[in-house]
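The values are calculated or read from the model by the stated rules, or taken from the named source; none is laboratory data. Note that the structure is a prediction, hence the values are computed from the model and not measured. Ideal geometry is used to build each Cβ from the backbone, glycine not excepted, and the neighbour counts take in all protein chains shown.
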C-alpha cells in the first residue's frame, strides 16, 4: 500500500511581499486521500498551488509524482487534475461545452456524457457558465479536474458552498476515485470532510504542518475520550474502577454524575453497563464523547478551526 | 446521481496530440468570440456600418475618386484592429480575471499552444470579417488595385502589431481597465488613424506623429496599394514591424497569467 509517495514537500517557504504564507512546510502524501486541513489563511491554497506548478517556492523542494512541478511541468500536467477554488471557465461557455473541451486536451478522457449525468450537470442545458448556480459551477470544476483520467487530483475546497446533498454526492465521487486508484489531495476547513474521506490528514496552521496522521491516530492522541452517565449519588467508584481496564479513570464529578475516561470502545461501554446492572443502577443520560479533529485542532492551536 | 461501475476512474493519463489540442482551443476561442454580442458589435457591426454609411452619404471629404475606394482600405485596417487589438485584449483580460488562463495553464496544453490557438482564432475571425467587408465594398462599387501579396503582408504585420499591444494590455491591467482602455484606444485610433478621416485634414506636425501609429501605417499602406496601386509600402511595413517587435516582446516580458 505504502509505495512511492505521490507528493513530497520539504521545508517549503513561500512569501508574498513581506507576508509569509508558507513557513517551512513538510508534507508527504501517499496513494489514497490526503486532506490538508486548516483555517482560512493557514497556507493551504498556496501549498497546493505550489504543487500544481503555479508558484515557485522561495525555498524548499516540491515533488509531485516524483516530478518538479515547475521545471517538469510538461510531463506532470497530463498526469494531474486540478480543481481551482473558483473560476477557470469561459464566462460564455456552457458546462458541457467546457467539459468536452478539457476532455479533448487528453488522450484517454472519461465518457463526458456519463460524467455529466453522474454530477447532475445535465440540467445546466444551454446555460452559460456565468449564469450557473454556485453549486453547478463547483461540480463543473470538479468534473474538469477528473475528466482526463489523472493519477492525482488536487481539489481546493471542493464542497465550499454546496448544500448537504451535493456535498455528499461529492464525497461519494471522491470515494469512487480512491477505490479506482486515483490519489486525491484535498484542502478543507471542514473537520467532518477530513474525517469522512481522508486516509491521512495534515493539519496546517500559520504556514506549517502541526499534526499529520490518520484521522483515528490524530483523534487518539492528546486528550482521552470520555463516557458520562448519571445514576444515584454515592456509587462505589473504586469498585467500578476495578472492573475497568488498567489505564482507565472513573470519578463522581457532582453527586450522581459520573465520568469514565480511557480507551472508550464497545468493550468498555459493555463493562460499565454490566457493572451498573450488577449494582442495580440504572445509568441515565449515558453518553460517549468522541475526541474529534475539531478538539485536536483546538488543543494544538488554542483556537477554533472555523475563524 | 447514479452508481458508477468500478474501474471507471482508473487512471489513464495522457496529453492529446498537440495539433488536436491547438485546433480544439482555437475552435473554442472562436466560438466564444462569435457568441459574444459586444465583440460582434466591435468586429462586425461598427466596421460594416461605417463602410456603408460613409460610402453612401458624403459626410467626410475623402478626396478625389470614389469614396468607397478611399474607405475600404481604412475599414479593413479597422477590422484588423478591432479583432487583434480591442477584441483580443478584452477577451483575454476577462479570461485572466476569471481564472481561465490559470486553469488552462495546468492542462496538458502548453502556453505557447494557447497563444498559437488565440492567434489562429484571431486570423479566422479576420478572414470572416474581410470576406464580409469586401463583399459589401464590391456591392458599393469598390475597385481595388495593387499587389495581393503586399496586402497580405500588411494584414499579417498589422495583426502581429495589434496582437502584441492587445496582449500587453490584457496581461498587465485589470480586466475592467482593459475594457475601458481598449475601447478608448479603439475610438481614438478610429478618428486619428486615417481610417475614415484622411490624414491630410490634420496639421502637418500632428500628421507626422499620427503617421507613426500602427493603425495609420496599416490604413495608409492598404490605401497606397489598394487605391493607388503602389508597390510594396516598405515605410508602413517597417512601422508595423517595429510595433510588432516591441509589442510582442513587451507582452512576452510583462504578461501576468493571474
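The rows are residues; the columns are (1) touching a strand residue (DSSP E or B) at 6+ places or on another chain (Cβ under 8 Å); (2) assigned to a helix (DSSP H, G or I); (3) not assigned by TED's automatic domain parsing to the domain that holds residue A:140.
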residue: A:167; (1), (2), (3): no, yes, no
residue: A:170; (1), (2), (3): no, yes, no
residue: A:175; (1), (2), (3): no, yes, no
residue: A:193; (1), (2), (3): yes, yes, no
residue: A:211; (1), (2), (3): yes, no, no
residue: A:216; (1), (2), (3): no, yes, no
residue: A:238; (1), (2), (3): no, yes, yes
residue: A:242; (1), (2), (3): no, yes, yes
residue: A:250; (1), (2), (3): yes, no, yes
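Looking for something under 23 Å from residue A:89 (Cβ atoms) and either in contact with a strand residue (DSSP E or B) (Cβ under 7 Å, 6 or more places away or on another chain) or surrounded by fewer than 22 Cβ atoms within 10 Å (Cβ to Cβ) (or both) - is there at least one such residue anywhere in the range B:79-95? There is at least one residue in the range B:79-95 that is under 23 Å from residue A:89 (Cβ atoms) and either in contact with a strand residue (DSSP E or B) (Cβ under 7 Å, 6 or more places away or on another chain) or surrounded by fewer than 22 Cβ atoms within 10 Å (Cβ to Cβ) (or both).
Return the residue satisfying two criteria in turn: it lies in the range A:148-160 and is more than 10 Å from residue A:79 (Cα to Cα) and in a strand (DSSP E or B), and of such residues it is nearest to the other protein chains (Cβ to nearest Cβ). Across the range A:148-160, the extreme among qualifying residues is A:154.
I'm trying to understand the selection: among the residues of the range A:88-103, which are facing chain B (nearest Cβ under 7 Å) and outside any loop (DSSP other than H, G, I, E, B)? Of everything in the range A:88-103, those that are facing chain B (nearest Cβ under 7 Å) and outside any loop (DSSP other than H, G, I, E, B) turn out to be A:101, A:102.
Across the range A:148-163, the qualifying residues are those that are without any contact (Cβ under 8 Å) to a residue 60 or more places away in the chain and touching a helix residue (DSSP H, G or I) at 6+ places or on another chain (Cβ under 9 Å), and the one among them that is nearest to residue A:35 (Cα to Cα) is A:159.
Within the option set A:166, A:114, A:145, being out of contact with any helix residue (DSSP H, G or I) (no Cβ under 7 Å at 6 or more places or on another chain) and either within 9 Å of chain B (Cβ to nearest Cβ) or more than 27 Å from residue A:75 (Cα to Cα) (or both) holds for one residue only, A:114.
When each of A:118, A:131, A:126 is tested for being buried (at least 22 other Cβ atoms within 10 Å of the Cβ) and in the same structural domain as residue A:178 (by TED's automatic domain parsing), the lone residue that passes is A:118. A single member of B:248, B:240, B:212 is under 26 Å from residue B:173 (Cα atoms) and loosely packed, with under 13 Cβ neighbours inside 10 Å, and it is B:212. Given the criteria at the interface with chain B (Cβ under 9 Å from one of its Cβ atoms), buried (at least 21 other Cβ atoms within 10 Å of the Cβ) and under 25 Å from the mean Cα position of the chain (by Cα), does residue A:84 qualify? Yes: the conditions hold for residue A:84.
Listed by position, the helices (runs of 4 or more DSSP H) enclosed by the range B:4-59 that each have at least 3 residues that are at the interface with another protein chain (Cβ under 10 Å from one of its Cβ atoms) and free of Cβ contacts under 8 Å to residues at least 60 places away in the same chain are B:18-35. Taking the criterion of being surrounded by fewer than 18 Cβ atoms within 10 Å (Cβ to Cβ) and in contact (Cβ under 8 Å) with a residue 12 or more places away in the chain, the residues of the range A:245-260 that qualify are A:245, A:247, A:249, A:251, A:252, A:255, A:256, A:257, A:259.
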